[in-house]
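One structure is given below, encoded as structure tokens.
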Amino acid sequence: MEKFSKYVGLDVHKDTIAVAIAAEDSEVRFYGEIANNPTAIIKLVKLLSKEGELVAFCYEAGGCGYKIYRQLTAMGKECIVVAPSLIPRKAGERVKTDRRDSINLARLYRAGELTPVWVPEDEQEALRDLTRAREDMKHFERQAKQRLLAFLLRHGWVYSGKARWTHAHYRWMETVKFDRQAQQIVFQEYKDIVNSFGTRVEEIESQMQIHAKESLSWPVIESLMSLRGVNFITAFTLIAEIGDLQRFASAPKLMAYLGLVPSERSSGNSVRRGGITKTGNSHVRRVLIEAAWTYRFAARRTPIIQRRMDKVPAAIQEISWSAQKRLCQRYKTLQTNGKLKVQVCTAVARELTGFIWAIGQATPMMKNTPTN
């Protein structure tokens with residue numbers, strides 16, 4: 001780790017930033033509070049580095065995003081965004097204030113005990129915002145559908161078909177009539193809300209298609225879609241949330257980053273392993289678990305998968321087909337051994353992550369090329 005004259009801990013909030021400074025060989029001191037705006041940050045940087053001193057900054061990842069990180073790095077200053085869950089804390093400490101938090105950050109930063117998170121570039125963050133906006137819209141759509149079904153059930157209207165939210169189900173809802181006008185209006189409003197959120201989801205997905213093909217990550221997204229269970233939405237989410245897969249030195253590191261490795265509590269000769277750690281990115285972990293369900297069927301190149309595979313190089317096709325043969329057999333073996341379905345899917349998702357990592361190493365991202 002590079003040596004700096006001052007290590008600055010920032011406890012960032014919406015309106016204010018608590019600042020603490022740890023010089024090389026002196027006690028950590030609380031500097032004070034400043035406003036959370038670019039002008040105040042520029043003034044702070046100038047005051048702390050007025051004698052040409054090397055100053056490094058850190059703050060916890062949170063709701064304020066990476067605005068401060070990007071401003072400080074643009075000014076040529078060292079800055080890290082810290083993973084909150086990995087900050088060392090004293091078990092018996094029960095007092096938490098902004099002052100203490102900033103002092104603790106500065107002290108631990110100087111000691112080299114903080115773990116930085118990966119900060120996405122602007123384009124990468126924009127892709128991530130698209131995927132999360134879609135998730136939000138799907139969540140609202142699901143809630144609206146539940147409320148509509150609950151309203152119909154309360155008044156004795158129950159659909160007897162095989163599956164809801166199909167064309168047949170929508171045609172059935174067109175036959176629903178209520179004696180009271182007020183209830184008919186409520187029913188129509190619920191339907192309009194469901195349709196509205198459905199339209200928003202479709203619009204965001206169309207924007208995802210446009211921006212994915214324009215991004216540097218498109219070759220990787222297209223390659224990942226050759227895997228069984230990984231459609232466009234899943235592949236886009238993987239790349240938007242993780243970024244460049246080549247930043248992971250090995251597949252186990254990617255698995256650990258996504259929280260898909262077993263937890264462990266071992267001491268002496270006793271070794272105890274529990275459920276997965278569930279650390280890291282929950283959005284990616286969810287889509288991987290969903291993808292793992294598709295491996296309960298026998299290995300087979302369906303027409304859809306074959307069309308996707310035809311668009312990628314032979315080396316990627318080989319990885320994809322090897323993944324399908326391996327994971328379908330793995331699913332069957334674990335299920336035969338009496339494992340619960342959720343455990344089987346988790347294990348398959350972990351191994352699927354390894355094949356995703358392999359595809360990421362074999363498919364470089366596009367390079368920025370100047371346009372005339």
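The values are calculated or read from the model by the stated rules, or taken from the named source; none is laboratory data. Everything numeric here is computed off the predicted structure, so don't read it as measured data. Here Cβ is always computed from backbone atoms with ideal geometry, including for glycine, and neighbour counts include all displayed protein chains.
Can you find a residue that is assigned to a helix (DSSP H, G or I) and surrounded by 15 or more Cβ atoms within 10 Å (Cβ to Cβ) anywhere in segment 87-95? No; the residues of segment 87-95 include none that is assigned to a helix (DSSP H, G or I) and surrounded by 15 or more Cβ atoms within 10 Å (Cβ to Cβ). Given the options 108, 130, name the one that is over 24 Å from the mean Cα position of the chain (by Cα) and either modelled with pLDDT of 95 or more or part of a helix (DSSP H, G or I) (or both). Of 108, 130, the one residue that is over 24 Å from the mean Cα position of the chain (by Cα) and either modelled with pLDDT of 95 or more or part of a helix (DSSP H, G or I) (or both) is 108. Taking the criterion of being over 14 Å from residue 353 (Cα atoms) and of a type in the set (A, V, I, L, M, F, W, C), the residues of segment 315-336 that qualify are 315, 316, 321, 328, 334. Taking each residue of segment 119-135 that is among the aliphatic types (A, V, I, L, M) and looking for partners that are not in a helix (DSSP H, G or I) with beta-carbon atoms closer than 7 Å, six or more apart or interchain, yields 119/66; 119/81; 127/215. Taken over segment 169-213, residues that are touching a residue at least 60 places away in the same chain (Cβ under 8 Å) and among the aromatic types (Phe, Trp, Tyr) amount to 1. For segment 31-65, filtered to residues that are part of a helix (DSSP H, G or I) and surrounded by fewer than 17 Cβ atoms within 10 Å (Cβ to Cβ), the residue that is farthest from the chain's Cα centre (by Cα) is 47. For a quick check of your reading of the model, give me the residue pairs whose first member lies in segment 62-85 and is in contact (Cβ under 8 Å) with a residue 24 or more places away in the chain and at negative phi, whose second is in a helix (DSSP H, G or I) and of a type in the set (Ser, Thr, Tyr), with beta-carbon atoms closer than 9 Å and at least 6 apart or on different chains. These pairs meet every condition: 80/69; 80/109; 81/69; 82/109. Within segment 290-312, is even one residue under 30 Å from residue 116 (Cβ atoms), in contact with a strand residue (DSSP E or B) (Cβ under 9 Å, 6 or more places away or on another chain) and touching a residue at least 40 places away in the same chain (Cβ under 8 Å)? No, segment 290-312 has no match at all. Selection of segment 342-359 for residues being modelled with pLDDT of 95 or more and among the aliphatic types (A, V, I, L, M) yields 344, 347, 348, 349, 352, 356, 358, 359.
Restricted to segment 272-330, and to residues there that are touching a Cys at 6+ places or on another chain (Cβ under 7 Å) and assigned to a helix (DSSP H, G or I), the residue that is nearest to residue 260 (Cα to Cα) is 289. Of the residues making up segment 66-105, those that are of a type outside the set (S, T, N, Q), more than 17 Å from residue 22 (Cβ to Cβ) and under 23 Å from the mean Cα position of the chain (by Cα) are 66, 67, 68, 69, 70, 81, 83, 84, 86. Only residues that are touching a helix residue (DSSP H, G or I) at 6+ places or on another chain (Cβ under 6 Å) and either surrounded by 11 or more Cβ atoms within 10 Å (Cβ to Cβ) or under 14 Å from residue 193 (Cα atoms) (or both): list them for segment 152-162, please. Passing the criteria: only 159. Considering segment 7-30, and only residues there that are surrounded by fewer than 19 Cβ atoms within 10 Å (Cβ to Cβ) and not in a loop (DSSP other than H, G, I, E, B), the residue that is modelled with the lowest pLDDT turns out to be 23. Of the residues making up segment 89-116, not one is in contact with a helix residue (DSSP H, G or I) (Cβ under 9 Å, 6 or more places away or on another chain), under 10 Å from residue 9 (Cβ atoms) and among the charged types (D, E, K, R).
The condition of being in contact with a Lys or Arg (Cβ under 7 Å, 6 or more places away or on another chain), modelled with pLDDT under 95 and at negative phi holds for only one of 273, 265, that being 265. Answer yes or no: is there a residue in segment 244-251 that is out of contact with any Asp or Glu (no Cβ under 7 Å at 6 or more places or on another chain), part of a helix (DSSP H, G or I), surrounded by 13 or more Cβ atoms within 10 Å (Cβ to Cβ) and not polar (S, T, N, Q). So far as segment 244-251 goes, yes, one or more of its residues are out of contact with any Asp or Glu (no Cβ under 7 Å at 6 or more places or on another chain), part of a helix (DSSP H, G or I), surrounded by 13 or more Cβ atoms within 10 Å (Cβ to Cβ) and not polar (S, T, N, Q).
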